[in-house]
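In what follows, a single structure is set out as structure tokens and then discussed.
The values are calculated or read from the model by the stated rules, or taken from the named source; none is laboratory data. Just so you know, these numbers come straight off a predicted model, no measurement behind them. Glycine gets a Cβ as well: all are built from the backbone with ideal geometry, and neighbour counts include every protein chain shown. Each accessible area value is taken on the protein alone, full model and side chains, heavy atoms only, with ligands, DNA and RNA left out. Shrake-Rupley method; radii C 1.70, N 1.55, O 1.52, S 1.80 Å.
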Amino acid sequence: MTAHLHTLGVAALGRALRDKAVSSVEVTSHLLDRLAAHERLGVMLASDPEHALMQARAADARIATGDAGPLVGVPIAHKDIFVTRELPTTAGSRMLADYRSPFDATVVARLAEAGTVTLGKLNCDEFAMGSSNENSAWKVVKNPWDEGRVPGGSSGGSAAAVAARLMPAATGTDTGGSIRQPASFCGITGIKPTYGVCSRYGMIAFASSLDQAGVLARSAEDCALLLSAMSGFDARDSTSAERPAQDYVAALGRTRPEATAGQPLQGLRIGVPKEFFPDALAGDVESALRASLAEFERLGARLVDVSLPRTELAIPVYYLIAPAEASSNLSRFDGVRYGHRAEHYADLQGMYKASRSEGFGAEVKRRIMIGTYVLSHGYYDAYYLQAQKLRRMIADDFQACFGQCDLIAGPAAPTVAWKLGATSEDPVANYLADIFTLPASLAGLPGMSIPAGFGSGGLPGATTAMPVGLQLMANYFDEGRLLHAAHAFQQATDWHTRAPAGVAKGEAR
Ligand code: GLN
């Protein structure tokens with residue numbers, strides 16, 4: 001059994017644990033061995049195998065008493081942007097090289113209470129700024145489908161780890177696409193819920209009005225299991241949504257009265273915005289997505305033409321608002337209260353300057369400069385205020401669409417994963433690639449990416465077929481419907497079960 005343990009997703013593993021077909025200690029050691037054997041993928045920034053095994057033993061004891069929820073004993077790992085007491089937290093930055101948090105983020109604490117075992121902390125772009133994970137101060141993450149390619153970002157470590165079957169699921173955060181885009185690039189399922197569904201307490205802030213925690217896993221069902229445990233109101237986050245706890249697993253089976261066994265999505269209207277299928281979209285990305293939409297139709301859904309006319313504007317709007325908030329959030333890293341302090345300086349100003357110059361990487365500095373500029377007295381009205389107005393209009397456009405449909409579908413990204421190094425010198429190229437994830441982020445809406453086929457994405461030198469992700473978006477707090485539709489699709493297709501060569505078939509480790 002052990003040789004195949006890593007092929008089990010969250011739901012299947014939870015069942016095997018409850019049936020005592022396997023112990024948490026067994027599966028935890030198996031995955032720790034696999035992580036060690038796959039170090040070259042660069043997914044892990046910190047781990048404490050002893051502590052993980054201790055949690056696993058505690059989980060086994062809990063299962064032995066018969067008190068076992070669906071996540072007891074299931075090993076996962078957290079994006080290194082969530083603070084943890086037991087493990088270091090760096091947010092992918094030199095600035096926090098030696099930082100230890102005195103507390104656990106709410107998401108971390110809730111998943112621990114649900115019985116998950118923490119395998120470690122996952123690599124990410126510095127302070128979650130990036131689309132390729134190449135902004136991590138520590139190491140590169142490789143895409144397990146083609147190790148010469150990026151995993152996407154900023155939750156690249158989470159996505160690569162799940163795709164390589166090093167763990168059944170991981171946490172991530174999404175400010176402008178950082179769950180959906182890496183999920184798409186790595187051929188896995190990722191969900192970013194409505195802003196406010198998961199507590200931001202202990203999630204190191206990038207852009208507070210956009211940051212949201214979520215899950216990267218292999219299926220919608222597995223996402224539902226984790227999201228049910230980690231979401232819900234938290235008094236320690238003033239923007240946490242005051243709603244009763246949700247059972248997203250129950251939502252998977254919640255069909256409409258008109259649904260039939262063959263057509264579980266009967267009655268569901270899926271909006272397809274024309275702006276999400278521009279001429280420039282890579283041909284084989286488009287054909288994979290169209291084929292998936294046809295599958296949704298077979299399942300009973302009806303496709304509706306809709307329009308999100310300000311899609312393109314999401315890029316300049318996001319790249320003003322996110323840096324503005326980042327420049328404010330990152331002012332706390334001054335060499336006094338947190339993190340790195342320079343060794344050599346003449347006076348207080350000099351210490352701030354030297355500490356920040358040494359601690360932050362190039363992309364973070366770029367955003368701090370843009371952010372402070374657009375917030376400065378003479379430019380506030382021209383940039384930041386205009387961006388805020390457009391942000392509202394983008395959100396209004398979505399509401400107009402949701403008058404005509406229940407879900408909105410499109411690509412998660414305009415291409416498949418690109419080659420390592422291909423855009424690292426060109427920040428704007430990275431920004432432009434976020435076009436399809438930014439609108440939902442700015443509106444605060446929930447979004448998912450689900451595996452929907454393969455393509456070379458029209459990228460130069462693409463010989464390997466790389467995963468393509470279909471993005472599904474829903475109205476506020478409609479995660480249940482989103483997960484239900486994704487689950488129905490995954491019951492009828494097998495894209496989400498595909499794994500990089502050699503990984504799924506229970507290779508030696
Ligand atoms: N790629 C986007 C950025 O660089 C989104 C990042 C995110 O969602 N954390 O800001």
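Rounded to whole Å, the principal axis extents of the Cα atoms in the range 233-293 read 47, 35, 16, largest first. Projected onto its three principal axes, the C-alpha set of the range 369-432 covers 41, 37, 10 Å, listed from the longest axis down.
Amide H to amide H distances under 5 Å link residue 116 with 73, where only residues 5 or more positions off or on other chains count and H is placed in the peptide plane. Evaluating kT/(6 pi eta Rh) at 20 °C and 1.002 mPa s, with the Kirkwood radius of the range 80-136 over Cα pairs in the Stokes-Einstein relation, gives 181 µm² s⁻¹. Couplings for the range 207-215, taken from phi via the Karplus curve 6.51 cos²θ - 1.76 cosθ + 1.60 with θ = phi - 60°, read 10, 4, 7, 10, 4, 8, 7, x, 10 Hz in order; Gly and Pro are left as x. For the pair residue 233 and residue 209, the difference between a 0.36 nm per residue extended length and the Cα-Cα distance amounts to 7.0 nm. Accessible surface of residue 365, taken over heavy atoms with a 1.4 Å probe and every protein chain present, rounds to 70 Å².
All C-alpha pair distances within the range 32-93, sorted into 10 Å bins from zero, spread as 18, 43, 31, 8, 0 percent across the bins.
Residue-wise HN-Hα couplings along the range 472-485, as the Karplus relation 6.51 cos²θ - 1.76 cosθ + 1.60 with θ = phi - 60° gives them from phi, are 10, 10, 9, 6, 3, 6, 9, 4, x, 5, 4, 5, 4, 5 Hz; Gly and Pro carry x. Between residue 376 and residue 307, residue separation times 0.36 nm minus the direct Cα-Cα distance comes to 21.4 nm. Our note on the geometry: Cα centres of the range 308-329 and the range 155-194, 22 Å apart.
Residues whose amide H lies under 5 Å from that of residue 271, counting only those 5 or more places away or on a different chain, are 304, 406, 407, 408, 409; hydrogens are built 1.01 Å from N in the peptide plane.
Once Rh is set to the Kirkwood radius over Cα pairs, what Stokes-Einstein translational diffusion coefficient, in µm²/s, holds for the range 1-118 at a temperature of 25 °C and a viscosity of 0.890 mPa s? Can you show the working numbers first?
On the way: Rh = 14.8 Å.
Estimated via Stokes-Einstein, D reaches 165 µm²/s.
Principal semi-axes of the equivalent ellipsoid, √(5λ) from the alpha carbon gyration tensor of the chain, are 31, 29, 21 Å from largest down. Summarising the label geometry, the points placed 7 Å from Cα in the beta-carbon direction at residue 399 and residue 347 lie 5.2 nm from one another. Calculated from the alpha-carbon coordinates, the range 109-173 shows an Rg and a Dmax of 12.1, 38 Å respectively.
Close amide-amide hydrogen proximity is noted between residue 189 and 217, 218, 219, each under 5 Å apart and 5 or more residues distant or on a separate chain (H modeled in the peptide plane; Pro and chain starts excluded). Relative intensity of the range 318-367 on a log10 scale, I(q)/I(0) at q = 0.31 Å⁻¹, equals -1.16, per a Debye sum over C-alpha point scatterers of equal strength in the absence of solvent. Gyration tensor over the Cα atoms of the range 359-509: the corresponding equivalent ellipsoid has semi-axes (square roots of 5 times the eigenvalues, largest first) of 33, 25, 13 Å. Each residue of the range 254-262 is assigned a 3J(HN,Hα), and the resulting list reads 7, 8, 6, x, 7, 5, 10, 4, x Hz, derived from the Karplus form 6.51 cos²θ - 1.76 cosθ + 1.60 (θ = phi - 60°), x at Gly and Pro.
How big is the shadow of the Cα convex hull of the range 34-180, averaged over all directions, in nm²? If you can, show how the numbers build up before the last one.
Numbers: hull surface 33.8 nm².
Computed as one quarter of the Cα hull surface, the answer is 8.4 nm².
Dividing the convex hull volume of the alpha carbon atoms of the range 119-226 by its residue count gives 90 Å³ per residue.
Which pairs, out of 121/389; 79/365; 79/419; 142/192, put more than 28 Å between their alpha-carbon atoms? Provide the component values of the computation, followed by the final result.
Values: 121/389 37 Å; 79/365 22 Å; 79/419 23 Å; 142/192 23 Å.
With Cα atoms farther than 28 Å apart: 121/389.
Using the alpha carbon gyration tensor of the range 244-378, what are the three equivalent-ellipsoid semi-axes (square root of 5 times each eigenvalue), largest first, in whole Å?
Working: eigenvalues 482, 87, 39 Å².
Three semi-axes, in Å: 49, 21, 14.
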